[in-house]
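Here is the structure we will look at.
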Amino acid sequence: MPVPQPLAEARRAGADLPGTSALITNIGALVTNDATRGTGPLGLIADAALVIDGTDVAWVGPRAEAPATDRSFDAQGRAAIPGFVDSHSHLVFAGDRTAEFNARMSGRAYSAGGIRTTVEATRAAPDSALHATAGRHVSEALRQGTTTVEIKSGYGLTVEHEARSLAVAAAHTDEVTFLGAHVVPAEFAEDPAGYVDLVTGPMLDACAPHARWADVFCEQGAFDADQARAILKAASARGLLSRMHANQLGHGPGVQLAVELGAASADHCTHLTDSDVDALAHGDTVATLLPGAEFSTRATYPDARRLLDAGATVALSLDCNPGSSFTSSTAFCVALAVREMGMTPDEALWSATAGGARALRRDDVGTLSPGARADLVLLDAPSHVHLAYRPGVPLVSAVWRAGRCVVRPT
């Protein structure tokens, strides 16, 4: 077996590894999210190693059993986890809502109305500015360990600007979501039915070819259950899969409707009845929780413990947007989930990786088992528990995405 290179040497030598096999060895604790590979639901392997072959994971196991490879790198006892999977973000936007945040921190309640401020700025921005902003935030998240990201439209709200937003999103991810039903724009304030007709007709015709998903903000002040149902059914008829903003600002029909329609996820899930929890526990819809939004709006956090104890599948995501959750740190959201939402560190990490993958109906990410995409994060810590134990500390030491080292080892 080749002698492992220290991480500093790997950085100097380059570690992109295209077309080669590479061994990452001396991993203090490896989270695989494959219970057949190690201990507990995280499939935890102590004193571990992992082999990357091209873009995929080829082998995981105890360090002493690692096979020979073309190259090898010494993790020096660091923990390794799957790349974070962010299944909810709003990264195609322009403008700044600092004043809104400042006012909210001074006592003004959050409502969905601030979205229209971003709509105005986004419509006025050139494509180059939208690409630059989206790319900057994708890169920012990647440096913090997020290797898969979903990006929504929703700040255009015209046929032209929604299609343009999706084109921008598609330049940065394969997980593109049409969110023409974010809010009713100002020009349709007196004719919301007319806007629903636009979304389900010309807008969807223009946007469906560029998206995998359709989403609706089903909430008071946005779209009601009948409108949301009509939009998602129309999107489904054009081949788009469903997800939904649901039950963020208060109790409502969103979660039940998401389960009824077989949506991949119901996102926010802050205000739930017992029947909502039961529906999520017995359906295939993932409850995606977005603690950054509650942190930034001083709202009540979702009760993750209640959902988990009922048997629901939970994901954690960023909801990165300029108004209500302007963070690109999944580690920060993991810490919030542990401190404020009743999750254990193991549950929070699983939800931010494998849970996010389930919310995107992916089985190739969120895990480090053989055959999965080689999305790997080395932490400058001996255990993944440090993500919650040391909140706010930049623990990401290196990131591999699809077998390529995209954040160099430190």
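Figures for the structure shown
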read-out	value
Any hit, segment 135-152, residues being outside any strand (DSSP E or B), more than 28 Å from TRP400 (Cα to Cα) and at pLDDT 95 or above	no
Filter result (assigned to a loop (DSSP other than H, G, I, E, B) and closer than 18 Å to ALA359 by Cβ) within segment 154-200	GLY154, THR173, ASP174
Test: residue in segment 311-331 that is of a type in the set (Asp, Glu) and not in a loop (DSSP other than H, G, I, E, B)	no
Complete set of residues in segment 38-81 that are among the small types (Gly, Ala, Ser), closer than 18 Å to VAL377 by Cβ and open to solvent by less than 10 Å² (accessible area, probe 1.4 Å)	GLY43, ALA48, ALA49, ALA75, ALA79, ALA80
Residue in segment 297-311 that is surrounded by 23 or more Cβ atoms within 10 Å (Cβ to Cβ), touching a strand residue (DSSP E or B) at 6+ places or on another chain (Cβ under 8 Å) and either among the aromatic types (Phe, Trp, Tyr) or within 27 Å of ALA211 (Cα to Cα) (or both) present	no
Per-region count, segment 380-404, residues open to solvent by 20 Å² or more (accessible area, probe 1.4 Å), in a helix (DSSP H, G or I) and either in contact with a strand residue (DSSP E or B) (Cβ under 9 Å, 6 or more places away or on another chain) or of a type in the set (Val, Ile, Thr) (or both)	1
Answer from VAL365, VAL377 - the residue that is part of a loop (DSSP other than H, G, I, E, B) and under 17 Å from the mean Cα position of the chain (by Cα)	VAL365
ASP226, sole failed condition from (1) surrounded by fewer than 21 Cβ atoms within 10 Å (Cβ to Cβ); (2) touching a residue at least 40 places away in the same chain (Cβ under 8 Å); (3) part of a helix (DSSP H, G or I)	(2)
Residue, surrounded by the fewest Cβ atoms within 10 Å (Cβ to Cβ), within segment 229-273, restricted to residues that are among the polar types (S, T, N, Q) and in a strand (DSSP E or B)	SER242
Counted residues, segment 299-325 - those being under 26 Å from THR122 (Cβ atoms) and among the charged types (D, E, K, R)	1
Residue match in segment 188-197 (condition: surrounded by 21 or more Cβ atoms within 10 Å (Cβ to Cβ), modelled with pLDDT of 95 or more and within 28 Å of PHE332 (Cα to Cα))	no
Members of segment 125-156 that are open to solvent by 20 Å² or more (accessible area, probe 1.4 Å) and without any contact (Cβ under 8 Å) to a residue 40 or more places away in the chain	PRO126, SER128, ALA129, ALA132, ARG136, SER139
Search result, residues across segment 82-98 that are surrounded by fewer than 22 Cβ atoms within 10 Å (Cβ to Cβ) and either of a type outside the set (A, V, I, L, M) or out of contact with any helix residue (DSSP H, G or I) (no Cβ under 9 Å at 6 or more places or on another chain) (or both)	GLY95, ASP96, ARG97, THR98
Pairs, first touching a residue at least 40 places away in the same chain (Cβ under 8 Å) and under 27 Å from PRO302 (Cα atoms) in segment 229-250, second among the hydroxyl-bearing types (Ser, Thr, Tyr) and in a helix (DSSP H, G or I), C-beta under 9 Å, six or more apart	ILE231/THR200
Boolean, GLY114 is under 21 Å from the mean Cα position of the chain (by Cα) and in a helix (DSSP H, G or I)	no
Candidate set from segment 278-296 (those that are open to solvent by less than 10 Å² (accessible area, probe 1.4 Å) and aliphatic (A, V, I, L, M)); member that is farthest from the chain's Cα centre (by Cα)	LEU280
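Residue-wise test of (1) at pLDDT 95 or above; (2) more than 30 Å from SER21 (Cβ to Cβ); (3) among the basic types (Lys, Arg); (4) in contact with a Leu (Cβ under 8 Å, 6 or more places away or on another chain).
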| site | (1), (2), (3), (4) |
| --- | --- |
| GLU65 | yes, no, no, no |
| ARG71 | no, no, yes, yes |
| ALA80 | yes, no, no, yes |
| VAL85 | yes, no, no, yes |
| SER89 | yes, yes, no, yes |
| PHE93 | yes, yes, no, yes |
| ASN102 | no, yes, no, no |
| ALA109 | no, yes, no, no |
| GLY114 | no, yes, no, no |
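This table checks each residue for (1) touching a residue at least 24 places away in the same chain (Cβ under 8 Å); (2) in a loop (DSSP other than H, G, I, E, B).
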position: ALA35; (1), (2): no, yes
position: LEU42; (1), (2): yes, yes
position: ALA48; (1), (2): yes, no
position: VAL51; (1), (2): yes, no
position: ALA58; (1), (2): yes, no
position: PRO67; (1), (2): yes, yes
position: ALA94; (1), (2): yes, yes
position: PHE101; (1), (2): yes, no
position: ARG108; (1), (2): no, yes
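The values are calculated or read from the model by the stated rules, or taken from the named source; none is laboratory data. Keep in mind the model is a prediction, meaning the values are calculated, not measured. Glycine also receives a Cβ, built like all others from the backbone with ideal geometry; neighbour counts cover every protein chain displayed. Side chains included, ligands, DNA and RNA excluded: accessible areas come from the protein's heavy atoms. Shrake-Rupley method; radii C 1.70, N 1.55, O 1.52, S 1.80 Å.
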